[in-house]
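Quick notes on the structure that follows.
The values are calculated or read from the model by the stated rules, or taken from the named source; none is laboratory data. In this text, all values refer to a predicted model and were calculated from it rather than measured experimentally. Every residue, glycine among them, receives a Cβ derived from its backbone with ideal geometry; neighbour counts consider all protein chains shown. Areas reflect the complete protein model, heavy atoms only, side chains present, ligands, DNA and RNA absent. Shrake-Rupley method; radii C 1.70, N 1.55, O 1.52, S 1.80 Å.
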Amino acid sequence: YTEQEKWEEALTWLDKADEVQPNNFQVQIHYANYFIRKKEYKKAYEYLNLAKKLQPKSTIPFEAIANISLRLKNYDDAILNFQKCIELEPKKASFVNQLGNTYKQKGDSQAAINQYLKAAKLEPRFVMSYDNLANIHFSLKKFDQAIKYFEKCIELEPSNSIYLRATAEAYIEKEDFATAISYYNKAQEL
């Protein structure tokens, strides 16, 4: 019902679930998701904070709070909550990568790069960290670095033409048009 935006029906069933099992972690998460979908973030925070108390070692409420904070451009709160996720699951590259994205949105490119590098080290086959490294270097006009990371993306996902085209764009910025054309041709072959 929540996904269909049938709010009254969704809330009726959530209330019944909460009645059957009060203070159930999963029910609190569903309440939070309901209010997130309705963009009632203050109410969602209430349920996420209760969920944190019910299962303090779960990353689910911390990640949800971090994502709400990002939507509200409260980067410091997002950083704190992603850091908590990393503290709870230190080997999960996606949390480190999300922390990098948060720093990038905050405008701290170097902190973002540091997090993307950590994510790549944690999971060397996690393509998103290399994708983010390539794109942030491209935006900083560090095209050799961008190419290096786009090449890593191509190595990990050789059939993804997006990385071939992005590499071509970096070569265009370097005015190496012949190499750019070769990458565009490879992308077109795919």
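A few points about this structure:
- Within straight-line cross-link reach of K141, lysines at Cα separation under 20 Å, skipping those fewer than 8 residues along the same chain: K104, K106, K152, K174
- Per residue, in Å², the accessible surface of the chain once ligands and nucleic acids are set aside, probe 1.4 Å: 58 Å²
- Trypsin sites (Lys or Arg not before Pro) restricted to DSSP loop in region 107-140 with at most 16 other C-beta within 10 Å: R125
- The chain, dipole about Cα centre (Lys/Arg Cβ +1, Asp/Glu Cβ -1), debye to the nearest 20: 460 debye
- Centre-to-centre, using Cα atoms only, region 8-28 and region 52-121 are separated by 28 Å.
- Over all orientations, region 52-124 has a Cα convex hull whose mean projected area works out to 4.3 square nanometres.
- Taking all protein chains together and a 1.4 Å probe, the residues H30, H137 rank H30, H137 from largest to smallest accessible area.
- The tail of the calculated P(r) for the chain, taken as Cα-Cα distances beyond 26 Å, holds 47 percent of the pairs.
- Candidate aspartates and glutamates for bridging to K92, where Cα separation is under 13 Å - those fewer than 8 sequence places away on the same chain excluded: E63, E123
- In order along region 8-19, the Karplus-derived 3J(HN,Hα) couplings, from 6.51 cos²θ - 1.76 cosθ + 1.60 at θ = phi - 60°, round to 5, 5, 4, 5, 4, 6, 4, 4, 5, 5, 5, 5 Hz, and Gly and Pro are given as x.
- Near Y171: Cβ cut-off under 13 Å, other residues only, Lys/Arg at +1 and Asp/Glu at -1. The net charge is -2.
- Shape call, region 98-190: gyration tensor on alpha carbons, a/c limit 1.5: oblate
- Near K91, once Lys and Arg are set to +1 and Asp and Glu to -1 for all other residues with Cβ below 14 Å from its Cβ, the sum equals +1.
- Loop sites in region 8-85: GluC sites (Glu not before Pro), DSSP, at most 16 other Cβ within 10 Å: E40
- Think of the chain as a dipole: +1 on every Lys or Arg Cβ, -1 on every Asp or Glu Cβ, centred on the Cα centre; then among Q21, A120, L88, L88 lies furthest on the positive end.
- Region 64-103, Rg to Rh (Cα coordinates; Rh as Kirkwood inverse mean 1/r): 0.94
- 3J(HN,Hα) from dihedral phi, region 49-62, Karplus parametrisation 6.51/-1.76/1.60, rounded to Hz, x for glycine, proline: 5, 5, 4, 4, 5, 6, 9, x, 9, 8, 7, 4, x, 5
- Accessible surface of I65 - all protein chains present, 1.4 Å probe, nearest 10 Å²: 10 Å²
- Taken along the Cα-to-beta-carbon direction at a fixed 7 Å, the label points for D18 and K141 span 5.4 nm.
- Within the accessible area of region 1-70 (1.4 Å probe), percent carbon and sulfur: 49 percent
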